[in-house]
Structures are given as structure tokens and as C-alpha cells.
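Asks: Right, I'll just put the structure down here and ask away after.
The values are calculated or read from the model by the stated rules, or taken from the named source; none is laboratory data. Fair warning: this is a prediction, and the values are worked out from it, not measured in the lab. Ideal geometry is used to build each Cβ from the backbone, glycine not excepted, and the neighbour counts take in all protein chains shown.
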Ligand SMILES: *[C@@H]1O[C@H](CO)[C@@H](O)[C@H](O)[C@H]1NC(C)=O
Ligand SMILES: *[C@@H]1O[C@H](CO)[C@@H](O)[C@H](O)[C@H]1NC(C)=O
């Protein structure tokens, strides 16, 4: 409801943009209802910008991961090796995506391994493609 109220208000909608629904509306609703949060340092990483996943809890996957075969980030340019959710707008990613070449940050490899682990364990994953 907070989200809808914010969306309906032209000025608020303009100020917050598309992330209003899930992020800012949550924060505002929490504040309105006295929900408190404990901040945890290094709670979340965002590959490819955060290189290591050790001692973190969540991988926030949003950025495309593009690399040369030498392991150099080619952000913004399609890499020889790539993992980008935007490649799968029409169909889900296949099982067993290729792992990145040597030199790519551990966080990126971990992300792809986790996606592979998930798709390998979802019964019928390939049937739905
Ligand atoms: C959200 O809005 C609807 C419609 O006005 C109302 O019925 C409902 O109780 C509201 N929910 C909360 C959690 O306030
Ligand atoms: C995943 O792909 C690699 C080659 O890219 C292959 O060696 C391996 O056997 C595959 N694993 C499964 C479970 O299909």
C-alpha cells in the first residue's frame, strides 16, 4: 500500500523511479511501522564489482559479468565469456553454464556455480525450456 501511495504521487514517483516498489517503499513502510534492522557489515556482495564472497551472506546479482578469455573485465562490452541475466529474457538459462576463465574474480565463479547447482537440482528444469 505504501508502494502504491508513493507510485500515485507524481513528485514521489519521479524522485524514486522504478526502484520505488521494492526498495524505497519497503524502507518507508518499515519506518512507518517501527521495523528495526540490524546492519551487518559485508552482508552482501555484487559481482563483478566485489571480487570475493568469503564471509558474506548474499550475492546480489544484477550486473552483467563480461570477461575476455584472459580474465579481464570488459564491462559494458560483450565479453568472450559472459554471464548476464539479460541473455535469458526469453527462456531460462540452461543447466551447466560454462564457468569463467582463469583470472576472473572468485565471486563471479561462485555466482555461476550457484546458478548451476540450483538448475541441476530443480527437477524438470530442462523440460520447461
Ligand atoms: C491496503 O489497502 C487495502 C485497500 O485499501 C486495505 O484493504 C488493506 O487493509 C491495506 N493493507 C494494509 C496492510 O494496510
Ligand atoms: C558440464 O559441462 C562441462 C563442460 O563444459 C562438462 O565437462 C561436464 O560434464 C558438464 N556437467 C554436467 C553435470 O553436465
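Asks: Is it fair to say residue 56 is surrounded by 10 or more Cβ atoms within 10 Å (Cβ to Cβ) and outside the structural domain of residue 117 (by TED's automatic domain parsing)?
Replies: Spelling it out, it is not the case that residue 56 is surrounded by 10 or more Cβ atoms within 10 Å (Cβ to Cβ) and outside the structural domain of residue 117 (by TED's automatic domain parsing).
Asks: So for the stretch 78-89 (the condition being closer than 24 Å to residue 19 by Cα, within 16 Å of ligand 2 (Cβ to nearest atom) and either modelled with pLDDT under 95 or in a strand (DSSP E or B) (or both)), does at least one residue qualify?
Replies: Scanning the stretch 78-89, I find at least one residue that is closer than 24 Å to residue 19 by Cα, within 16 Å of ligand 2 (Cβ to nearest atom) and either modelled with pLDDT under 95 or in a strand (DSSP E or B) (or both), so the answer is yes.
Asks: Please state which of the following conditions residue 126 fails to meet, knowing it meets all the rest: (1) over 30 Å from residue 9 (Cα atoms); (2) more than 16 Å from ligand 2 (Cβ to nearest atom); (3) in contact (Cβ under 8 Å) with a residue 12 or more places away in the chain; (4) surrounded by 10 or more Cβ atoms within 10 Å (Cβ to Cβ).
Replies: The one condition residue 126 does not meet is (2).
Asks: Among the residues of the stretch 92-121 satisfying the criterion of being in contact with a helix residue (DSSP H, G or I) (Cβ under 9 Å, 6 or more places away or on another chain) and over 20 Å from residue 48 (Cβ atoms), which is nearest to ligand 2 (Cβ to nearest atom)?
Replies: Across the stretch 92-121, the extreme among qualifying residues is 96.
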